[in-house]
Amino acid sequence: MNRFLFPCALVLALVLAGAGCLHAPYAPNDTATARHHVMQQLLQGVAGSIQRDLDGLDATVSLAAHNLGVTGLSGPEADGILRSVVSSHPCIHTAITYDANGTVRAVEPADVKVIIGQNLLDQENVRRATLTQKPLMSEYFTLAEGGEAVSIARPVFSPGGEYLGALSMTFSPSCLVAPYAGEAMGYAPVIVNVAQQDGRILYHPDRALIGKPTFNEPAFASFPGVLALARRYADERSGYATFSFYRTGTDVVVEKEAFWDTVGLHGTEWRVMVIGER
C-alpha cells in the first residue's frame, strides 16, 4: 500500500525536468516550486510514518507496563510479556524490567539474560526513569552487546499505585526509519536524514554517518552551511535551509536544500529532513 499520498505525475515531471528531458518550456521558478512541493509531500509522509511507529512502540510498552503491574517484574508471566514486546516490531532489540533500585529483574531475549541482577543506576536513562517515575524516550546510545539504540521506558505501578520499577524497551532508530526513507528516496532524487536536536545522526543512507555527531564530525568541518543547518534545527522544529555538501556517493560539491520537521515522544525530539540538490 502506498504510504505517501501525492501526485506521482508531479514526481515524474520533476525528475524529467531535472534531467533536461521536457520538450515544453519549464520556467526555473516553476521547477523550484514543483521540486519544493514534492520535497514537502515526501517529508510529510516520512515524518508521519515515523511518528505512527513511535506512537505504536510507546503504546506497546505502556500496555506491557500495565500488565507487569499485575504480574510483577519477574517470573514466567513477566517473561511472557517481555517476549511479546520484543516480537511486536522487527526493530526492537531488548525488553527489560528493573526495580525501584535500578536492579534488573527480567530480560528478553534469552541471550541477554546475563544482565539479570545487575544494577543500572549508573545509566542516565535508568536514573531519570527511576527519579521521575514518568515515561521517557532516551537519546541515542550504543548497546553493551553492540548495535545502536534508543530506549522507551514506562513506569510500572502495582494495582494499589505502588511504584515497582520500570519497563525499558530498546530499538534501532535507523531500522525504524529505513523503510520509509527508502520509499521516499525511490520516488524522487532526494535523501532522508534523521537527527537528534543536538545533531547526532540517527539515520542516513550513508551508514557510516549513523551515530556521528554533526558538530564534531570531520566530514562536516569544511562545510559551514551544514553546521548552520544543524544549529537552526536544534532550535526550530520545522524549516527550510540551503547549504553546500558532496553529491551523495561522490566527491563533487553541490548546492543543496533541506526541509525538516519534527517527530518525538515524551519531550525527546527527532528532526526529519528531506534533502535535494538545488
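The values are calculated or read from the model by the stated rules, or taken from the named source; none is laboratory data. Just so it is clear, the structure is predicted and the values come from calculations on it, not from any experiment. Positions of Cβ are generated from backbone atoms using ideal geometry, with glycine treated the same way; all protein chains shown enter the neighbour counts.
Structure data summary
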read-out	value
Matching residues in region 192-223 - criterion: being assigned to a strand (DSSP E or B) and surrounded by 18 or more Cβ atoms within 10 Å (Cβ to Cβ)	192, 193, 194, 195, 196, 200, 201, 202, 203
Any hit, region 102-121, residues being modelled with pLDDT of 95 or more, part of a loop (DSSP other than H, G, I, E, B), among the charged types (D, E, K, R) and touching an Asp or Glu at 6+ places or on another chain (Cβ under 9 Å)	no
Single match in 72, 45 (criterion: surrounded by 15 or more Cβ atoms within 10 Å (Cβ to Cβ), under 19 Å from residue 164 (Cβ atoms), in contact (Cβ under 8 Å) with a residue 60 or more places away in the chain and touching a helix residue (DSSP H, G or I) at 6+ places or on another chain (Cβ under 7 Å))	72
Residues of region 174-191 satisfying the condition of being of a type outside the set (A, V, I, L, M) and surrounded by 23 or more Cβ atoms within 10 Å (Cβ to Cβ)	180
Of all residues making up region 86-106, the number that are out of contact with any Pro (no Cβ under 8 Å at 6 or more places or on another chain), β-branched (Val, Ile, Thr) and surrounded by fewer than 23 Cβ atoms within 10 Å (Cβ to Cβ)	1
Residues satisfying the stated conditions in region 223-263, i.e. touching a helix residue (DSSP H, G or I) at 6+ places or on another chain (Cβ under 7 Å), of a type in the set (Gly, Ala, Ser) and touching a residue at least 24 places away in the same chain (Cβ under 8 Å)	230, 258
Hits in region 139-189 - residues which are part of a loop (DSSP other than H, G, I, E, B) and modelled with pLDDT under 95	143, 144, 145, 146, 147, 188, 189
Which listed residue is in a helix (DSSP H, G or I), at pLDDT 95 or above and of a type in the set (A, V, I, L, M, F, W, C), from 78, 13	78
Residues of region 151-173 satisfying the condition of being free of Cβ contacts under 8 Å to residues at least 60 places away in the same chain and buried (at least 22 other Cβ atoms within 10 Å of the Cβ)	151
Any hit, region 201-214, residues being without any contact (Cβ under 8 Å) to a residue 12 or more places away in the chain and not basic (Lys, Arg)	yes
Qualifying position, being of a type outside the set (D, E, K, R) and under 30 Å from residue 39 (Cβ atoms), among 155, 76, 135, 90	90
Tally, over region 51-69, of residues that are surrounded by 21 or more Cβ atoms within 10 Å (Cβ to Cβ), within 23 Å of residue 238 (Cα to Cα) and touching a helix residue (DSSP H, G or I) at 6+ places or on another chain (Cβ under 6 Å)	0
Residue match in region 52-62 (condition: among the hydroxyl-bearing types (Ser, Thr, Tyr) and at pLDDT below 95)	no
